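Only one structure is covered here, and it is reproduced in the block below.
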Amino acid sequence: MKRKLLDNTVWKFLLVGVANTLFGAAVMFLCYNLLHWGYWVSSAMNYLLGSILSFFLNKRFTFQNRERGPAVALRFALSIGLCYLIAYGLARPLTARVLSGFGETLRDNGAMVVGMGLFMVLNYLGQRFFAFRERN
């Protein structure tokens, strides 16, 4: 099991993730800090736009999935949605507790950073073992 988790897909996923994270974080922090769209809308824009990029890069490059049809896209979307809700749903109250003496803007920005980290781990597992899983 450990060997299966730590193969070449991990490194490819991380490479795609770096590009995706830079793109998505820029979108999220610009939406929150410049457009003042709020925590949930800003973080959702990150994952909406970043997920489109991630789908194509991870499907072809990381997991080399050749499956056609809507099923793979639906599994991907379900995985992304669940990972997003879990990661950001946990990040906000955890960060609010840790940073309780600070202002809302700092707490929300901190929660978005924590949410990104949680999302990355959950997303790899979701894409690897659900969205782009190998079919026998």
A careful count of residues in the stretch 90-103 that are hydrophobic (A, V, I, L, M, F, W, C), assigned to a helix (DSSP H, G or I) and open to solvent by 80 Å² or more (accessible area, probe 1.4 Å) gives 3
Residues located in the stretch 104-123, provided they are open to solvent by 60 Å² or more (accessible area, probe 1.4 Å) and of a type in the set (Asp, Glu): 104
State which residue pairs qualify: first residue within 23 Å of residue 44 (Cβ to Cβ) and of a type in the set (A, V, I, L, M) and inside the stretch 94-109, second residue open to solvent by less than 40 Å² (accessible area, probe 1.4 Å) and outside any helix (DSSP H, G or I) in any location, beta carbons under 6 Å apart, and separation of 6 or more residues or different chains. none
If a residue has to be more than 21 Å from residue 20 (Cα to Cα) and in a helix (DSSP H, G or I) to count, how many in the stretch 67-80 make the cut? 2
Mind telling me which of the residues 13, 29, 61 ends up being of a type in the set (A, V, I, L, M, F, W, C) and surrounded by 18 or more Cβ atoms within 10 Å (Cβ to Cβ)? 13
Going by what's in this entry, would residue 87 be described as surrounded by 20 or more Cβ atoms within 10 Å (Cβ to Cβ), in contact with a Leu (Cβ under 9 Å, 6 or more places away or on another chain) and more than 21 Å from residue 131 (Cβ to Cβ)? no
Restrict the check to the stretch 124-133 and report whether at least one residue is assigned to a loop (DSSP other than H, G, I, E, B), of a type outside the set (S, T, N, Q) and surrounded by 13 or more Cβ atoms within 10 Å (Cβ to Cβ). yes
Filter the stretch 10-45 down to the residues that are polar (S, T, N, Q) and at pLDDT 90 or above, then identify the one that is farthest from residue 90 (Cα to Cα). 33
Given (1) part of a helix (DSSP H, G or I); (2) at positive phi, index of the condition residue 64 fails: (1)
Within the stretch 64-84, of all residues that are under 13 Å from the mean Cα position of the chain (by Cα) and crowded, with 17+ Cβ neighbours inside 10 Å, the one farthest from residue 8 (Cα to Cα) is 84
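The values are calculated or read from the model by the stated rules, or taken from the named source; none is laboratory data. None of these values were measured; they are calculated from a predicted model. When we count neighbours, we look across all protein chains shown, and the Cβ atoms used for this are built from the backbone with ideal geometry, even at glycine. When the accessible area is computed, the model is the full protein with side chains, heavy atoms only, and any ligands, DNA or RNA have been set aside. Shrake-Rupley method; radii C 1.70, N 1.55, O 1.52, S 1.80 Å.
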